[in-house]
Amino acid sequence: MSETLEFKAEVRQVLDIVINSLYTDKEVFVRELISNASDALEKLRHAQITEKEVFDDHLTLEINLNTDDKAHTLTFQDFGIGMNRDELVDNLGTIAHSGSKAFLEALKENATSKENLIGQFGVGFYSSFMAANKVEVYSRSFQKDGKGFLWTSEGAGNYTVEEVEGLRRGTKVVVHLKEECKEFATQERVKQIIKQYSSFVQFPINVNGERVNTVEAIWLRNKSDIKEEEYTEFYKFQANAFDEPLLRMHFNADAPIVINALIFIPKENPERFGLGKVEPAVALHCKKVMIDAQPNGLLPEWMRFLKGVVDSADLPLNISRETMQDSVLVQKLNSLLTKRLIKLLENTAKKDPEKYETFWQQFGIFIKEGIHLDYGNRDKLGKLLRFESSYTEPGKLTSLPEYVSRMPESQENICYLFGQNRAAIESGPFLEAFQARNMEVLYLFEEADEIILRDLGKFEEKKILSGDSDEVKLDKIEDSSDVESLDEKDTESLCTWIQEKLDKKVSSVDASDRLIGSPACIMNADKFMTANMRRMMQAMNQDGKDALQELPPVKFEINPGHPLIRNLNDLRTGNENLAILILEQIFDNSLATSNLLEDPREMVERSYQILEKVSQD
Ligand code: ADP
Ligand code: MG
């Protein structure tokens, strides 16, 4: 008896794209089905270790392809884990895995070509419909008392499932080829595809009974015997990629643990579409046998963008996925791999800065995440950060070690300023004090950057400080300009007057030692939440109990040498009302340049009042 079921909407979407708009690289479906067979065998091997009983336990773990150039069919058969009825429906009728979902999202973004995306996200099984007008899947689960089923579809809206007698364990996929795709029913073509895409499969592959691959673990081979192309091919196979990797590390060690690792950094950040975290993709093996394709705990979270294989002969074969993270050995592997990766990145930055910059553009965000969450490696990761600075050209980057090497002996702190962009920082009130003293300032354009620099705290014993912090020590510079400045007495009484007028808004009012072209500034703004952050907090707090958190009193500094401040001092005796308006305006402007001004409406209104008064005179 056969039942007819409908594909879920997302599957229909994927199928529609696969069938109607992907014309090149149709052959990847061979790779996808072989990779599924290999996964199924891998899972079975694991089940043989962990389960008591396995159906058809004697069958060999290999993948058999058969071509029939008369019937135009290509058949894939494995004695792997198999699927029961519900698994057939779940795995082939819905998109349970994130790969294809991400594919759909990425297509909407339309960033890369569709062909490229298939590889990156693994449309997997559905790719068979690029070449087929009908696909049949016979499957029998490894579980002792199961039954066999046949799943059939022509790729349109639905599929059928029926029970079938007499199946052996595993899965057989019969691809009925479209007329224009009948080349895939010839032995030579199929062999050629396997050579190209699947030479690293860890199980024997036979085409019409003839063995076509040599099962070998490239990561166990001697580095000097491996050709560049072999590495690239392995990467493409392992990471399901179409392009070359950006960077690679291959190393073997015998002490303190036996480890062989072959790890790649891809060219592009797979999280760039904002689809959330990718799964770990460095597979864990023990003497060539895969233990876990996506092991948790083998690498720190922030290293999840890596692809490849780690093989350790010291691992127990039957280590369970649940306890893996607690295993001392896995922890040792973790710290060793982290060290190696950081070293690789440091060396790349030294020897090939351009390549490192490509890495930084794509993956810098992971380094920042590492600094925030992985304290153990915080300082080492700090060296990998890159920023623009007052010493770099726009768009060019520098590092903390470079910054420190340029620091004059008298400079005690590493200083940064935060702003929307370069122009905003350079026109703000704080930079000039540093420029006057030839001190370099790092430019931060993202709030996250400020957070991680605060996490770091120090670099090479130099405290990292925001440029508006009163902790920053600035040496006196000779006042060479002949600007008139308020004398000490006037300054003092002006400060007292300002304190009185601004009242609760300020904690102190002082003459500044750092302002040159600006009349005033707010100090230590980095200690407060920016207006943006406070608005976000308020929005998240929906019961509205806590209105916008008030800004605590701020430390306000004025520039007694600035004409506006000098005039203000005169004005407060002549026309105090106007003087107060102008003072409030200067204060709000200072808040705005420090990203602390919440509501500009009041300030705009006030500026009209001032303009009105000025235009009357
Ligand atoms: P992926 O391999 O990325 O999970 P696919 O679309 O290739 O996605 O396959 C979907 C699912 O169908 C697999 O996750 C697996 O559960 C199941 N599947 C496919 N082929 C086989 C097979 N030969 N044996 C057992 N299960 C399979
Ligand atoms: Mg697959």
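Structure summary
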item	result
Failed item in (1) of a type outside the set (A, V, I, L, M, F, W, C); (2) within 15 Å of ligand 2 (Cβ to nearest atom); (3) modelled with pLDDT of 95 or more; (4) more than 29 Å from G157 (Cβ to Cβ), with N66 passing the rest	(2)
Boolean, L262 is at negative phi, modelled with pLDDT under 85 and either assigned to a strand (DSSP E or B) or out of contact with any strand residue (DSSP E or B) (no Cβ under 8 Å at 6 or more places or on another chain) (or both)	no
Candidate set from segment 429-448 (those that are open to solvent by 10 Å² or more (accessible area, probe 1.4 Å) and in a helix (DSSP H, G or I)); member that is nearest to G382 (Cα to Cα)	A448
Considering residues of segment 69-98 that are away from ligand 2 (no atom under 16 Å from the Cβ) and assigned to a loop (DSSP other than H, G, I, E, B) only, the residue nearest to K178 (Cα to Cα)	H72
Members of segment 23-46 found to be within 15 Å of ligand 1 (Cβ to nearest atom), hydroxyl-bearing (S, T, Y) and at pLDDT below 90, listed by number	S35
Within segment 296-328, considering residues that are aliphatic (A, V, I, L, M) and at pLDDT below 90, the one farthest from L284 (Cα to Cα)	V328
Index of the failed condition, G146 passing every other in (1) more than 40 Å from the chain's Cα centre (by Cα); (2) under 20 Å from L33 (Cα atoms)	(2)
Candidate set: segment 140-194, residues that are in a strand (DSSP E or B) and more than 24 Å from I19 (Cα to Cα); chosen: the one most open to solvent (accessible area, probe 1.4 Å)	E163
Qualifying position, being in contact (Cβ under 8 Å) with a residue 60 or more places away in the chain and open to solvent by less than 70 Å² (accessible area, probe 1.4 Å), among S466, S512	S466
Qualifying position, being outside any helix (DSSP H, G or I) and either over 20 Å from R304 (Cα atoms) or touching a residue at least 24 places away in the same chain (Cβ under 8 Å) (or both), among E426, E393, E357	E393
Helices (runs of 4 or more DSSP H) completely within segment 560-617 that count 1 or more residues being of a type in the set (A, V, I, L, M, F, W, C), more than 27 Å from F445 (Cα to Cα) and in contact with a strand residue (DSSP E or B) (Cβ under 7 Å, 6 or more places away or on another chain)	563-574
Candidates K267, K227, K223, K277, filtered to the one that is basic (K, R) and under 27 Å from F29 (Cβ atoms)	K267
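A quick yes/no check of all residues on (1) within 21 Å of the chain's Cα centre (by Cα); (2) at pLDDT 95 or above; (3) within 30 Å of T593 (Cβ to Cβ):
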{"site": "L345", "(1), (2), (3)": "yes, yes, no"}
{"site": "A349", "(1), (2), (3)": "yes, yes, no"}
{"site": "Y356", "(1), (2), (3)": "yes, yes, no"}
{"site": "G370", "(1), (2), (3)": "yes, yes, no"}
{"site": "N377", "(1), (2), (3)": "yes, no, no"}
{"site": "L381", "(1), (2), (3)": "yes, yes, no"}
{"site": "S410", "(1), (2), (3)": "no, no, yes"}
{"site": "C415", "(1), (2), (3)": "no, yes, yes"}
{"site": "G419", "(1), (2), (3)": "no, no, yes"}
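Listed here are the residues, each with its yes/no results for (1) within 11 Å of ligand 1 (Cβ to nearest atom); (2) open to solvent by less than 30 Å² (accessible area, probe 1.4 Å); (3) of a type in the set (A, V, I, L, M); (4) in contact with a Pro (Cβ under 9 Å, 6 or more places away or on another chain).
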position: Q48; (1), (2), (3), (4): no, no, no, no
position: F55; (1), (2), (3), (4): no, no, no, no
position: L65; (1), (2), (3), (4): no, yes, yes, no
position: D69; (1), (2), (3), (4): no, no, no, no
position: H72; (1), (2), (3), (4): no, no, no, no
position: D78; (1), (2), (3), (4): yes, yes, no, no
position: R85; (1), (2), (3), (4): no, no, no, no
position: V89; (1), (2), (3), (4): yes, yes, yes, no
position: L92; (1), (2), (3), (4): yes, yes, yes, no
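The values are calculated or read from the model by the stated rules, or taken from the named source; none is laboratory data. Every value quoted in this text rests on a predicted model; they were computed, and no experiment measured them. Here Cβ is always computed from backbone atoms with ideal geometry, including for glycine, and neighbour counts include all displayed protein chains. Protein only, heavy atoms only, side chains kept; ligands, DNA and RNA dropped before computing areas. Shrake-Rupley method; radii C 1.70, N 1.55, O 1.52, S 1.80 Å.
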